[in-house]
């Protein structure tokens, strides 16, 4: 959610005359694109290490790599638009050894279209965004507490599942030994 905030607020500032709209979009593009390039290189540099370090992730990572290798152009274009995968998709593109020039162009197009769309949205819906932020501010403590409670519950449920899986695995190993 915070990634969308920068272009929206920049567009709002341009709407109020504090910034130039085209420059806001350009700087948001440069920032997001450079982050995507760094994540690509991080994936290229440490992808094999992660696969060997955590063998349980290996099968999942290999499936992701096969999708990325089958559709390198689409994956490069989806880098900014794939909500929830903005960190993992560039890492996967790097680890899957998508050609840099292809990733560079695709992620650049993705960053530019995403940045300008959200910047123009901030400019066009500036007043509505301010009203919405005003309503959210009234409830921000309750929202923060709700998020904390949800994270604690999710952690507890995941921990219980993991402990249950470990018990089942231990019982299966014991049964096989007999």
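Remarks
- Condition check for residue 30: within 19 Å of residue 106 (Cβ to Cβ) and in the same structural domain as residue 109 (by TED's automatic domain parsing): yes
- Just one of the numbered conditions (1) surrounded by fewer than 19 Cβ atoms within 10 Å (Cβ to Cβ); (2) touching a residue at least 12 places away in the same chain (Cβ under 8 Å) is not true of residue 43: (1).
- Any chance residue 12 is closer than 16 Å to residue 115 by Cβ, touching a residue at least 12 places away in the same chain (Cβ under 8 Å) and within 18 Å of the chain's Cα centre (by Cα): no
The values are calculated or read from the model by the stated rules, or taken from the named source; none is laboratory data. A quick note: this is a predicted structure, and the numbers were derived from the prediction, not measured. FYI the Cβ positions are ideal-geometry reconstructions off the backbone, even for glycines, and counts take in every protein chain you see.
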